Amino acid sequence: MRIDIVTLFPELCDGFLSASILGRARAKNLFEAHCHQIRDYTKNKQKQTDDYPYGGGCGMVLYAQPIADCLRAVQDQCAAQGRTKPHVVFLTAAGQQYNEETAKRLASYDSLALVCGHYEGIDQRVIDAFGDEEISIGDYVLTGGELASLVVADSVLRLQPGVLAEEKGYQDESYWDGLLEYPQFTRPEVWEGRAVPPVLLTGDHKKIDAWRGDQSRQRTRERRPDLYDRWCETHPLTEAPKWKRGENMRLVKTEEQMARAAELMAEGRRTVCSPVCTEEQLAAMTPEHWRPDLDAERKNGWAFYLHYNKVGETDAMVGVCHKTGMIGHLFVTESARGQGIGTKVLDFARKKLPEHEHPTLGVLSTNTRAISLYKRMGWRLNGVLTVHDPAQGAPFAVYCEELRMRFHG
Ligand code: ADE
């Protein structure tokens with residue numbers, strides 16, 4: 001690949017492209033880079049590159065002519081090398097926002113020309129005449145396009161074969177698969193009282209990969225919900241994990257099963273409410289407290305199911321309402337988590353409601369783990385069921401909402 005940077009500060013750009021990883025790759029001819037001085041293409045005696053804007057306003061605007069002539073020279077050089085016509089990108093604060101997807105697309109060109117603006121801008125006519133696209137590296141204004149062009153050059157060149165030591169190097173990175181990168185640690189094992197997560201010392205690569213995947217998803221969910229939503233849409237859980245021998249779901253019929261359902265419900269409520277309720281409120285969430293609610297719901301058309309594991313213990317529950325198409329009380333005990341039981345149980349509950357194409361469920365807005373699992377299983381947010389506002393005397397210590405989610409398949 002050949003990259004040309006058209007700028008008023010070619011030494012600055014060239015210095016960057018000669019240092020560190022890119023510098024070594026450039027020395028090995030893994031890519032070609034040329035930085036061009038716009039001033040060298042001026043036609044006035046003073047070698048002036050800019051002028052006042054027509055219509056008034058502050059700052060100066062770069063002339064079209066020197067940039068156009070410089071780009072023509074780059075086109076000629078590329079043609080002389082038998083390369084394709086360069087793809088021309090203008091770096092401006094008014095461009096399309098840059099991201100890894102764009103980096104990957106730009107990395108596929110044989111020749112790329114990056115034009116840096118300075119001062120207030122560039123005469124629009126040269127952008128219209130030569131530009132294939134305009135890119136901004138973020139929602140802030142720089143004094144010039146040099147840093148932006150180097151951001152683009154760096155992110156594009158590191159994708160060229162051989163620039164990074166291992167191809168896996170960039171596949172693991174943030175954004176590659178639409179998720180942020182998991183946290184990294186190196187020696188010593190304990191630094192200033194902070195230990196490396198024990199799983200990384202086990203040597204069990206299956207476990208380590210699973211932990212890293214969890215960390216990536218959790219970070220993305222918390223820090224970049226926009227990226228996470230997109231990722232959920234492109235990475236749906238199309239199949240629930242398989243039921244293992246000895247595992248099954250049984251309808252709650254007996255008194256003993258009903259008592260167990262009330263226990264699981266109490267444990268479940270305490271778990272999901274712990275971020276939003278006081279200790280006192282949590283302590284009041286006993287099986288005896290919930291039992292009348294379960295009895296009333298059963299009279300109202302709800303059916304409850306318990307999940308039995310391989311040794312016959314009940315470790316999860318769910319309720320379905322045939323009348324309304326609602327699913328509720330989905331809970332997996334702490335020791336049974338991380339095995340896909342929640343996914344299986346929700347899938348089971350949905351299939352128990354074939355008469356409802358779009359069943360609904362309620363989930364606390366603070367329960368982001370559950371919300372993201374449901375999204376990956378084809379559920380979408382569909383309004384607010386209840387607002388819990390402590391100022392209104394609601395029985396929660398923290399403002400939160402119970403969100404309605406709807407199955408879309
Ligand atoms: N020039 C000035 N601000 C810029 C930005 N945010 N991105 C690209 N080029 C710029």
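The values are calculated or read from the model by the stated rules, or taken from the named source; none is laboratory data. All of these numbers come straight from a predicted model, not from anything done at the bench. Neighbour counts run over all protein chains shown; Cβ positions are idealised from the backbone, glycine included. The accessibility values were calculated without ligands, DNA or RNA, using every heavy atom of the protein model including side chains. Shrake-Rupley method; radii C 1.70, N 1.55, O 1.52, S 1.80 Å.
Could you tell me whether TRP211 is of a type in the set (A, V, I, L, M, F, W, C) and part of a helix (DSSP H, G or I)? Considered against the rule, which asks whether it is of a type in the set (A, V, I, L, M, F, W, C) and part of a helix (DSSP H, G or I), TRP211 comes out as yes.
Each row is one residue, and each column tells you yes or no for (1) touching a helix residue (DSSP H, G or I) at 6+ places or on another chain (Cβ under 7 Å); (2) over 30 Å from TRP231 (Cβ atoms); (3) not assigned by TED's automatic domain parsing to the domain that holds PRO10.
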{"residue": "TYR63", "(1), (2), (3)": "no, yes, no"}
{"residue": "ASP76", "(1), (2), (3)": "no, yes, no"}
{"residue": "ALA80", "(1), (2), (3)": "no, yes, no"}
{"residue": "LYS85", "(1), (2), (3)": "yes, yes, no"}
{"residue": "VAL88", "(1), (2), (3)": "yes, yes, no"}
{"residue": "ALA113", "(1), (2), (3)": "yes, yes, no"}
{"residue": "GLU134", "(1), (2), (3)": "yes, no, no"}
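A count restricted to segment 103-144 and to residues that are over 21 Å from CYS58 (Cβ atoms) and without any contact (Cβ under 8 Å) to a residue 40 or more places away in the chain stands at 3.
Residues are listed down the side, and each one gets a yes or a no for (1) open to solvent by 20 Å² or more (accessible area, probe 1.4 Å); (2) of a type in the set (S, T, N, Q):
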residue: HIS118; (1), (2): yes, no
residue: GLN124; (1), (2): yes, yes
residue: ILE127; (1), (2): no, no
residue: GLY131; (1), (2): yes, no
residue: GLU134; (1), (2): yes, no
residue: ILE137; (1), (2): yes, no
residue: LEU142; (1), (2): yes, no
residue: GLY145; (1), (2): no, no
residue: LEU150; (1), (2): no, no
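Within segment 248-302, the residues that satisfy the criterion of being open to solvent by 50 Å² or more (accessible area, probe 1.4 Å), touching a residue at least 60 places away in the same chain (Cβ under 8 Å) and more than 34 Å from the chain's Cα centre (by Cα) are ASN248, GLN281. Given the condition assigned to a loop (DSSP other than H, G, I, E, B) and either under 18 Å from ASN248 (Cβ atoms) or of a type in the set (Asp, Glu) (or both), answer yes or no: does some residue in segment 292-305 qualify? Checked segment 292-305: no residue is assigned to a loop (DSSP other than H, G, I, E, B) and either under 18 Å from ASN248 (Cβ atoms) or of a type in the set (Asp, Glu) (or both).
Only one entry of GLY95, GLY59 meets the criterion of being loosely packed, with under 13 Cβ neighbours inside 10 Å and of a type outside the set (A, V, I, L, M, F, W, C), and that entry is GLY59. Taken as a whole, the structure places SER365 among residues that are closer than 22 Å to GLU222 by Cβ and open to solvent by 20 Å² or more (accessible area, probe 1.4 Å).
The requirement of being exposed (fewer than 13 other Cβ atoms within 10 Å of the Cβ) and small (Gly, Ala, Ser) is fulfilled somewhere in segment 231-247, by at least one residue.
One residue stands out in segment 374-398 among those that are assigned to a loop (DSSP other than H, G, I, E, B) and touching a residue at least 12 places away in the same chain (Cβ under 8 Å): the one that is most open to solvent (accessible area, probe 1.4 Å), namely PRO395. Of the candidates THR92, THR102, the single residue that is touching an Asp or Glu at 6+ places or on another chain (Cβ under 8 Å) and at pLDDT 95 or above is THR92.
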